[in-house]
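Quick notes on the structure that follows.
What follows is calculated from the coordinates using simple rules that are stated; it is not laboratory data. Fair warning: this is a prediction, and the values are worked out from it, not measured in the lab. Every residue, glycine among them, receives a Cβ derived from its backbone with ideal geometry; neighbour counts consider all protein chains shown.
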Amino acid sequence: MTGFGARLDAALDERGSLCVGIDPHPGLLAAWGLSDDAVGLGRFADTCVEAFGGLAAVVKPQSAFFETYGSAGIAVLERTVVAAQAAGALVLLDVKRGDIGSTMTAYARAYLDPASPLAADAITVSPFLGVGSLDPAFAAATEHERGLFVLAATSNPEGPQVQQAVVAGRSVAQAVVDDVGARNAGATPLGSFGVVAGATIADPPDFTALGGAVLAPGVGAQGGTADDVRRIFGASLRAVVPSVSREVLRAGPDVAALRAAVERLVADFAFLRD
Ligand SMILES: O=c1ccn([C@@H]2O[C@H](COP(=O)(O)O)[C@@H](O)[C@H]2O)c(=O)[nH]1
């Protein structure tokens with residue numbers, strides 16, 4: 001297998017720059033005529049994989065919506081990860097984990113070790129305990145050729161209170177980007193360690209030395225647009241992966257309509273790899 005960064009770069013070239021989320025909100029289950037239980041969840045996830053597992057470069061199941069249904073929900077998540085990978089997508093599991101190093105080792109084993117039933121191609125992680133606390137995940141990702149996306153400048157309006165705080169002359173968000181960039185040193189064409197920066201943010205960090213991808217959630221339901229992405233990530237557009245969940249999922253449950261929504265967004269963001 002090849003490192004995650006190289007696989008991501010190839011997938012973006014082949015399928016276009018888009019990450020599509022599988023976020024089975026209770027309201028979406030109802031809108032799709034599905035029951036608010038693990039059976040409805042399973043049908044929702046299966047339909048998503050059928051519609052865009054073979055189309056989107058990256059598929060991002062949101063773990064929280066699966067965890068809601070307990071062990072039966074986790075079982076659906078496990079088979080969703082496997083099915084989306086089998087359809088050719090890279091699976092980014094959105095779990096936003098972060099803890100002291102010894103516990104981080106266990107999270108890394110759960111999500112990045114191919115022997116685990118929940119192993120994904122990449123996961124989201126939170127650096128609130130310090131980027132260094134994530135070292136077991138960086139090590140496991142390197143060993144198993146997986147990826148990490150570290151929260152840096154999140155899409156929610158509450159984020160800047162912490163992320164724009166200035167410490168030793170730079171914002172916390174910039175410090176996270178710089179720390180992640182140091183771990184990508186020398187990697188081509190794309191390092192395996194990315195950051196998360198919303199398509200809604202007002203004060204973007206400088207991503208030019210990141211050397212990895214920028215996952216940009218917030219497009220669609222949260223108000224972010226293709227123009228916002230162009231403005232926010234100006235010098236680093238090639239590395240940006242816009243992430244969309246509800247904007248696509250609202251088109252379901254019709255598989256053709258879901259596909260059309262994904263195809264429209266891939267076309268909207270074609271400029272990122274021009
Ligand atoms: O800064 C962040 C980090 C993660 N997310 C996640 O992305 C999706 C967004 O869903 P939409 O329906 O497209 O708004 C969701 O899973 C969030 O948990 C984010 O929004 N912002």
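When the chain is described by a simple charge dipole with +1 on each Lys and Arg Cβ and -1 on each Asp and Glu Cβ, the residue from Thr2, Phe269, Trp32 located farthest towards its positive end is Phe269. Residues whose amide H lies under 5 Å from that of Ile22, counting only those 5 or more places away or on a different chain, are Lys60, Gln62; hydrogens are built 1.01 Å from N in the peptide plane. Translational diffusion of segment 68-120 was estimated from the Stokes-Einstein equation, with Rh taken as the Kirkwood radius over Cα pairs; at 4 °C and 1.567 mPa s the coefficient is 109 µm²/s.
Toward the positive end of the charge dipole of the chain, with +1 on the Cβ of Lys and Arg and -1 on the Cβ of Asp and Glu, the farthest Cα among Ala89, Ala226, Ala173 is that of Ala226. Under the rule a/c < 1.5 gives rounded, and otherwise a/b versus b/c splits prolate from oblate, where does segment 15-165 land using the Cα gyration tensor? Here segment 15-165 falls in the prolate category. Residue-wise HN-Hα couplings along segment 129-143, as the Karplus relation 6.51 cos²θ - 1.76 cosθ + 1.60 with θ = phi - 60° gives them from phi, are 8, x, 4, x, 5, 8, 3, x, 6, 4, 5, 5, 5, 5, 4 Hz; Gly and Pro carry x.
Working from Cα pairs under 8 Å separated by at least six residues, relative contact order for segment 108-148 is 43 percent.
In this simple spin-label model, placing a label point 7 Å from the Cα along the Cα-to-Cβ direction at both Phe128 and Arg273 gives a separation of 3.5 nm. What separates the Cα centres of segment 162-176 and segment 87-161 is a distance of 21 Å.
Could you grab the relative contact order for segment 4-273? Cα pairs under 8 Å, six or more apart, rounded to a whole percent.
Here the relative contact order equals 20 percent.
Between Ala75 and Ala168, what's the calculated FRET efficiency when r is the beta-carbon distance and R0 is 45 Å? Round to 0.05. Calculated transfer efficiency: 0.45.
Dipole magnitude of segment 115-274 about its Cα centre, charges +1 at Lys/Arg Cβ and -1 at Asp/Glu Cβ only, in debye to the nearest 20? Walk me through the intermediate numbers first.
On the way: 11 positive and 16 negative charges, 37 e Å.
Its charge dipole is roughly 180 debye.
Computed over the chain, the per-residue total of -39500 (n - 2.57) for DSSP H runs of n ≥ 4 gives a 222 nm mean residue ellipticity of -12500 deg cm²/dmol, rounded to 500. In order along segment 52-58, the phi-based Karplus estimate (6.51 cos²θ - 1.76 cosθ + 1.60, θ = phi - 60°) of 3J(HN,Hα) comes to 10, x, x, 10, 7, 5, 10 Hz; Gly and Pro are listed as x. Basic side chains Lys and Arg get +1 at the Cβ, acidic Asp and Glu get -1 at the Cβ, and with that the dipole of segment 4-273 about its Cα centre reaches some 240 debye. Legend: translational diffusion of segment 143-274 by Stokes-Einstein, Rh = Kirkwood radius over C-alpha pairs, 20 °C, 1.002 mPa s; D = 139 µm²/s. Every Cα-Cα pair of segment 4-273 was included, and the share exceeding 30 Å stands at 23 percent.
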